[in-house]
Amino acid sequence: MLEKIAERLQEVIGKHGTVYRVGGDEFVALVKYGEKREPYVQLAQQIMEVIGRKMEVEEYEVFITTSIGLSFYPNDGEDPDTLFQVAEVALSRAKEFGKNNCQIYVSSMKRSTFKMYHLEKELRKALKNEYLSIEYQPRIEANTNQIVGAEALLRWHHPEWGTVLPSEFIPLAEEGGLINEIGDWVIRKVCEQIHEWQSQNIEVPTISINISAKRFLKKGLYETILQATTDHQIEPSQLEMEITELSLLLLNDLVLEQWRKLQNLGVRIALDDFGTGYSSINSLRKYPIDTLKIDRSFIQYLEENVIDQAIIKALIEMAHAMGTRVVAEGVETKSQLQFLQQCRCDEIQGFLFSKSLPGKEIGQLFIQKMVIPQEMISSEKRKTFNPIHRILLFVTCHPIKQTTDNE
Ligand code: C2E
Ligand code: CA
Ligand code: CA
């Protein structure tokens, strides 16, 4: 794969400069391509496009994304070390923005404000223009294959960047304040969707919503949920809030009071990604958690890892003793399912049953009520083969020339 990438890089850069592989999946290019900055950015875009084309490596179809950082001689540095470092800073910025991104180095103060400004601007635009949407992944009762719930998952379709994954933009939205606005938007949208299903006489199972720690710990979540459910004439008991362990770490009496008020309203609380954070079994005892979601990382190697098997078995037993339901996340194979059934795991969520689907399609599944487990056939596995995040370090060389103030 690296050879193929090198060939493609050579194809684009060849005429204008030299490409070096500096280790791992990092390349450096020294390029002389005119005096203005725009052509370099265009060249970077061309590189991302060419590298992003389908690549066949053995039996895999691989789609590669590229991150590029640019630095310019002599403005950003006058010696190779400085130029290299500065390009690396720009590269790390590019990676933060997600797949296929190119960043030009700007001085440190400008950099962080530029990043937040850019992202917030695009996210705000997305909120306003409905580039954000919600998909739903069903939760299946382990023994009956019946749909007993669904998790609302946020999707961002950027008109130029394509699909941006929540794992890429949620952490950045959390850094700024926008996560709260997005969170409240999700709550309202989900209530609106439930109302729509109900008006079509569809029996809707519990819908769970991811609540970031920041939102959970901020005042007014109770009021927002009450308002949204009242506005859309739905029962709060149709909702479950998924919180992560971070929320538990930062919990105070006021938030706990809000939590209890939500539960009195009928809203269920789930602990998400259990096992990945710092909280212990103790938190199950201490806090009134309705549902425990065991993280995918425990399920992934279940077949071969006897320690994971023992942990899951014990976790389920313990949770049951405390009256907590257990959901296994990221279940992909029938043998994982069988093991979880043996351990009396309550619910299964994962590609074995279904990926997340738009509202209309999941509505049809709710009508059917059941989903039959289907292991992914190899062509589908190909499609979901994780894109490899290529890192391309790109140092461009500006012609040696005194820049004027105007430039
Ligand atoms: P999560 O809450 O753990 O959501 C489950 C993630 O696992 C989803 O990824 C889902 O598509 C993926 N998944 C489900 N089944 C399988 C499987 O069998 N195999 C594999 N490999 N993956 C599976 P997604 O949609 O990319 O979401 C990623 C994370 O982004 C979520 O993790 C959640 O933490 C966050 N997120 C998504 N929507 C929202 C939202 O509305 N608000 C907040 N605050 N966070 C959200
Ligand atoms: Ca979740
Ligand atoms: Ca999870």
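The values are calculated or read from the model by the stated rules, or taken from the named source; none is laboratory data. Predicted model only: the values in this text are computed from it and were never measured. Glycine gets a Cβ as well: all are built from the backbone with ideal geometry, and neighbour counts include every protein chain shown. All accessible areas refer to the heavy atoms of the entire protein, side chains included, with ligands and DNA or RNA removed. Shrake-Rupley method; radii C 1.70, N 1.55, O 1.52, S 1.80 Å.
Which three extents, in whole angstrom, do the alpha-carbon atoms of region 62-108 cover along their principal axes, largest first?
Projected onto the principal axes, the Cα atoms of region 62-108 cover 38, 21, 12 Å.
Within the set LYS189/LYS261; LYS218/LYS293; LYS99/LYS355; LYS54/LYS360; LYS121/LYS219, which residue pairs have Cα atoms separated by over 27 Å? Walk me through the numbers on the way to the answer.
Values: LYS189/LYS261 22 Å; LYS218/LYS293 23 Å; LYS99/LYS355 21 Å; LYS54/LYS360 31 Å; LYS121/LYS219 25 Å.
With Cα atoms farther than 27 Å apart: LYS54/LYS360.
So, with a 1.4 angstrom probe, what is the percent of accessible area on the chain that is carbon and sulfur?
Values: 10450 of 20860 Å².
The computed percentage sits at 50.
Give me a comma-separated list of calculated 3J(HN,Hα) values for region 71-76, in order, Karplus coefficients 6.51, -1.76, 1.60 applied at θ = phi - 60°, integers in Hz, x for any Gly or Pro.
Per-residue couplings from phi come out as 9, 10, 8, x, 4, 8 Hz.
Rounded, prolate or oblate for region 281-362? Axes are the square roots of the Cα gyration tensor eigenvalues, ordered a ≥ b ≥ c, and the cut-off for rounded is a/c under 1.5.
On the way: a/c = 2.22, a/b = 1.23, b/c = 1.80.
Cα axes put region 281-362 in the oblate bin.
Hey, what number do you get for the chain at 222 nm if only DSSP H runs of n ≥ 4 count, each worth -39500 (n - 2.57), divided across all residues, to the nearest 500? List each step's numbers first, then the result.
Details: 16 runs with 183 residues, N = 407.
So the calculated ellipticity at 222 nm is -14000 deg cm²/dmol.
Jot down the radius of gyration and Dmax of region 1-157, Cα atoms only, both in angstrom.
For region 1-157, the Cα-based Rg and Dmax read 20.2, 68 Å.
Ignoring ligands, DNA and RNA, what accessible area per residue does region 1-66 give at 1.4 Å, in Å²?
Values: 3860 Å² over 66 residues.
So region 1-66 comes to 58 Å² accessible per residue, rounded to a whole number.
Calculate the FRET efficiency for GLN341 and GLN233 from the Cβ-Cβ distance with a Förster distance of 60 Å, rounded to the nearest 0.05.
Values: r = 37 Å, r/R0 = 0.62.
In this case the efficiency is close to 0.95.
Using each residue's phi in region 352-368, evaluate 6.51 cos²θ - 1.76 cosθ + 1.60 at θ = phi - 60° and report the 3J(HN,Hα) Karplus result to the nearest Hz, with x for Gly and Pro.
My calculation for region 352-368 gives 4, 9, 5, 7, 6, 10, x, x, 4, 5, 5, x, 5, 5, 4, 5, 5 Hz in order.
Indicate, rounded to the nearest 5 percent, the antiparallel portion of the DSSP beta bridges found entirely in the chain.
Working: 26 of 65 bridges.
So the antiparallel bridges amount to about 40 percent of the total.
Step through the residues of region 318-329 one at a time and calculate ³J(HN,Hα) from phi using the Karplus curve (6.51 cos²θ - 1.76 cosθ + 1.60, θ = phi - 60°), rounding each to whole Hz and writing x for Gly and Pro.
For region 318-329, the Karplus curve yields 5, 4, 4, 4, 9, x, 9, 7, 10, 10, 9, 9 Hz.
Which residues does a label at GLU257 reach in region 209-230, if reach means a backbone N under 13 Å from a point 7 Å past the Cα toward the Cβ?
Only 219-220 pass the distance filter.
Could you work out the local net charge near LEU221, counting Lys and Arg as +1, Asp and Glu as -1, over the other residues with Cβ closer than 12 Å to its Cβ?
Working: positive: LYS214, ARG215, LYS218, LYS219, LYS261; negative: ASP184, GLU223, GLU257.
With Lys, Arg at +1 and Asp, Glu at -1, the neighbours total +2.
Considering only protein heavy atoms, what per residue accessible area in square angstrom results for region 130-382 with a 1.4 angstrom probe?
Working: 12070 Å² over 253 residues.
For region 130-382, the per-residue accessible area is 48 Å².
Rg to Rh ratio, region 6-53, alpha-carbon atoms and Kirkwood radius?
Values: Rg = 10.6 Å, Rh = 11.1 Å.
Rg/Rh for region 6-53 comes to 0.95.
Please check: in the Gaussian network model of the chain (C-alpha springs, under 10 Å), which one of GLU181, GLU235, GLU304 has the largest mean-square fluctuation.
Fluctuation is largest for GLU304.
Suppose we look only past 22 Å in the calculated P(r) of region 130-382. What percent of the Cα-Cα pairs does that tail hold? Intermediate values should be presented prior to the final figure.
On the way: 17660 of 31878 pairs.
Cα-Cα pairs in region 130-382 separated by more than 22 Å: 55 percent.
Quick one: net charge of LYS334's neighbours, Cβ under 14 Å, K/R +1, D/E -1?
On the way: positive: none; negative: GLU303, GLU332, GLU375.
The answer is -3.
LEU357: net charge of surrounding residues, Cβ under 14 Å, Lys/Arg +1, Asp/Glu -1, itself excluded? Each step should come with its number before you reach the end.
On the way: positive: ARG139, ARG155, LYS355, LYS360; negative: GLU135, GLU151, GLU361.
Spelling it out: positives minus negatives among the neighbours equals +1.
Give me the percent of Cα-Cα pairs in region 67-196 that sit more than 25 Å apart, rounded to a whole number.
42 percent
Distances longer than 18 Å among the Cα atoms of region 202-254: what percent of all pairs is that? Could you put the intermediate results ahead of the total?
Numbers: 524 of 1378 pairs.
Within region 202-254, distances greater than 18 Å cover 38 percent of Cα pairs.
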